[in-house]
């Protein structure tokens, strides 16, 4: 795809700045357009509403490995920068000297599998000197040398190694408000602030839900309140999500929605369900779209949990949301600015800015796998 002026050497990461109208690119057979996707009637429970998205075409993404799959199998290793040398696979790799410590916004990953690995912004890895969240979508080649990862801390204050390697413990995906600060703001302090805000909001709303569940009592039963108070002892986003009361509240949203979603998808197996538009309290906040139904299915459990966590966190008045509004959000790809980062022959990530939205498009450039892998669209 020829877009703008390529800066730098062809084998390095390149950045391209474009001032363009996205629909023109779509007409030329490049990028996305509203006609590619259609929203279906909504599925709702409480404050959370999702609109399943079906696509006019899908791609074979079965060769791609997810982070959860890779870490579970042991084929993918994530560690602090200071632990890099034992992971070097090839004698030709030149690694600059590293100290014994880590670096807050950097981790190192090695993909020892025979499959390309997808990393999604918002995936949480726990362990090391502090828990981190992946900062942007990217693809890591099969049997890779150590790769630098751009990450953000989601556990303010800890800098003591709990384990040499990281895990996707409980397969946590950061909720949209936290993902947004990593992807759009790209700012560590804002990520920390949003993690703290989310923890406080989930705790307060969970306590209010406990009170509503037993209106005859002057106060909620002691055991859940003791469990909620444990949140005062941690700054970890993962541990907040794993708190028994928070997890139960999230599960109360997820359970009914998952059953409804499975019913809809079963009926639409031939219609290429590839993503969802997400609304909380009637306000559209996000869309996640994948290359195939199979790829969506791999990420769906952790994505739905993240959307439910957002519903448990968000305050404000509730309004009505319609399928027409969701379709209009999905149809609007008119952009004023695009920035592209590319690793030739591997992947391209396009950041698009439009009227009240940001979008991030991850495109595989691998041989015989040249297609959009994941698309996030965020209300800005």
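The values are calculated or read from the model by the stated rules, or taken from the named source; none is laboratory data. In this text, all values refer to a predicted model and were calculated from it rather than measured experimentally. Positions of Cβ are backbone-derived with ideal geometry, glycine not excepted, and every protein chain shown enters the neighbour counts.
Structural remarks
- Restricting the stretch 130-152 to residues that are in contact with a helix residue (DSSP H, G or I) (Cβ under 9 Å, 6 or more places away or on another chain) and assigned to a loop (DSSP other than H, G, I, E, B), the residue that is surrounded by the fewest Cβ atoms within 10 Å (Cβ to Cβ) is 145.
- Sole exception among (1) closer than 13 Å to residue 52 by Cβ; (2) out of contact with any strand residue (DSSP E or B) (no Cβ under 9 Å at 6 or more places or on another chain); (3) touching a residue at least 12 places away in the same chain (Cβ under 8 Å) for residue 266, by number: (3)
- Filter result for residue 323 (at pLDDT 95 or above, touching a strand residue (DSSP E or B) at 6+ places or on another chain (Cβ under 9 Å), in the same structural domain as residue 193 (by TED's automatic domain parsing) and farther than 25 Å from residue 246 by Cβ): yes
- Given (1) within 26 Å of residue 196 (Cβ to Cβ); (2) crowded, with 22+ Cβ neighbours inside 10 Å, number of the condition residue 281 does not satisfy: (2)
- Of all residues in the stretch 319-329 being out of contact with any helix residue (DSSP H, G or I) (no Cβ under 9 Å at 6 or more places or on another chain), part of a helix (DSSP H, G or I) and free of Cβ contacts under 8 Å to residues at least 60 places away in the same chain, the one that is surrounded by the fewest Cβ atoms within 10 Å (Cβ to Cβ): 324
- Pick from the stretch 331-364, criterion out of contact with any helix residue (DSSP H, G or I) (no Cβ under 9 Å at 6 or more places or on another chain) and outside any strand (DSSP E or B), ranking: surrounded by the most Cβ atoms within 10 Å (Cβ to Cβ): 346
- The stretch 53-71, subset touching a helix residue (DSSP H, G or I) at 6+ places or on another chain (Cβ under 6 Å) and farther than 18 Å from residue 362 by Cα, residue modelled with the highest pLDDT: 68
- Long-range neighbours under 6 Å by Cβ, at least six apart or interchain, first residue outside the structural domain of residue 139 (by TED's automatic domain parsing) and at pLDDT 95 or above within the stretch 330-344, second exposed (fewer than 15 other Cβ atoms within 10 Å of the Cβ) and in a helix (DSSP H, G or I): none
- Screening residue 74 against (1) touching a helix residue (DSSP H, G or I) at 6+ places or on another chain (Cβ under 8 Å); (2) modelled with pLDDT of 75 or more; (3) exposed (fewer than 13 other Cβ atoms within 10 Å of the Cβ) leaves a single unmet condition, (1).
- Count of the stretch 181-201 residues which are over 19 Å from residue 357 (Cβ atoms) and touching a residue at least 60 places away in the same chain (Cβ under 8 Å): 4
- Test: residue in the stretch 365-374 that is in a helix (DSSP H, G or I), touching a residue at least 40 places away in the same chain (Cβ under 8 Å) and assigned by TED's automatic domain parsing to the domain that holds residue 203: no
- Matching helices (runs of 4 or more DSSP H) fully within the stretch 153-255 where at least 2 residues are at pLDDT 90 or above and over 26 Å from residue 76 (Cβ atoms): 188-213, 222-229
- Hits in the stretch 289-318 - residues which are under 28 Å from residue 199 (Cβ atoms), modelled with pLDDT of 95 or more and not in a helix (DSSP H, G or I): none
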